[in-house]
Amino acid sequence: MDRETFWEIVDAARDRAGAGADDRGAEDDPLPGVLTDLLVERLSPDEILAFADVAGAVARDAYAWPVWGAAYLVEGGCSDDGFMDFRDGLVLAGRASFERAVADPDSLADHPVVAAMADGGSPWLGFESLDSLVGDAWSRATGEDDEAYYAARERTSSGHALAEPAGEQWDFDDDEENARRLPRLTTLFAV
């Protein structure tokens, strides 16, 4: 599967989810279920595995210190696992939002969910485990369990782990450095 097809599927799921496509914090968040259904409807089990592989490659594009710094400000702190969830949420935000955030993490200040988070609302941009969602689709398509999915992923994965995030690391607790690197987000989330 190529990235173009991957993004077509993600954006089609977002279109189908409608107005609720952006907020992962909503109890009735429609996007995960819609994307799972779409994967089962459109793809064979092998294609679902390929979708998972491309999802890993795409999320790797956001594995960068500036994006992590943005996540740290938006989330009020961000562990390794939290950054994984943040990147998965960026993928579910759709191609345009994802690519804009990777190119300019400070542009997340324009995202409606981020603005609502800054206002003290309960929406969330992150998503806990896109791979698990894809695994649910694969399990539905095959009748196999999670263990079989992860074994299949291990056999077919191109491997996307990077030792270190790209770019220059800085102390995310340094307000002056945050203001220099991510001025809009720093202002938006000023304490």
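Descriptive notes on the structure:
- A26 meets each of the listed conditions (1) closer than 23 Å to S122 by Cα; (2) of a type outside the set (D, E); (3) surrounded by 16 or more Cβ atoms within 10 Å (Cβ to Cβ) apart from (3).
- Among the candidates A64, A71, A93, residue that is touching a Gly at 6+ places or on another chain (Cβ under 8 Å), of a type in the set (A, V, I, L, M) and under 19 Å from A118 (Cα atoms): A71
- Residue in the range 157-165 that is within 28 Å of D22 (Cα to Cα), crowded, with 20+ Cβ neighbours inside 10 Å and in contact with a helix residue (DSSP H, G or I) (Cβ under 7 Å, 6 or more places away or on another chain) present: no
- Pairs meeting the criteria (first residue in the range 164-191 and over 16 Å from G77 (Cβ atoms), second residue of a type in the set (D, E) and at pLDDT 95 or above, beta carbons under 6 Å, at least 6 apart or on different chains) are R184/D106.
- Candidate set: the range 13-33, residues that are more than 16 Å from V113 (Cβ to Cβ) and within 16 Å of the chain's Cα centre (by Cα); chosen: the one modelled with the lowest pLDDT: G33
Residues checked against (1) at pLDDT below 95; (2) of a type in the set (F, W, Y); (3) within 22 Å of V10 (Cβ to Cβ); (4) surrounded by 12 or more Cβ atoms within 10 Å (Cβ to Cβ):
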| residue | (1), (2), (3), (4) |
| --- | --- |
| S139 | no, no, yes, yes |
| T142 | no, no, yes, yes |
| A152 | yes, no, yes, yes |
| D171 | no, no, no, no |
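- If the condition is being farther than 15 Å from L130 by Cα, of a type outside the set (A, V, I, L, M) and not in a helix (DSSP H, G or I), then the range 1-22 contributes only D2.
- Selection count where residues are free of Cβ contacts under 8 Å to residues at least 24 places away in the same chain and part of a loop (DSSP other than H, G, I, E, B), scope the range 122-146: 3
- Residue selection: W170 fails the criterion of being over 21 Å from R60 (Cα atoms), of a type in the set (F, W, Y) and either more than 19 Å from the chain's Cα centre (by Cα) or not in a loop (DSSP other than H, G, I, E, B) (or both).
- Flag if F83 is assigned to a loop (DSSP other than H, G, I, E, B), under 26 Å from G33 (Cβ atoms) and not basic (K, R): no
- Only one of A96, A59, A115 that is of a type in the set (A, V, I, L, M, F, W, C), assigned to a helix (DSSP H, G or I) and crowded, with 19+ Cβ neighbours inside 10 Å: A59
- Of all residues in the range 26-41 being in a helix (DSSP H, G or I) and touching a helix residue (DSSP H, G or I) at 6+ places or on another chain (Cβ under 7 Å), the one that is farthest from A13 (Cα to Cα): V40
The values are calculated or read from the model by the stated rules, or taken from the named source; none is laboratory data. Bear in mind that the values here come from a model prediction, so they are computed numbers and not experimental data. Glycine also receives a Cβ, built like all others from the backbone with ideal geometry; neighbour counts cover every protein chain displayed.
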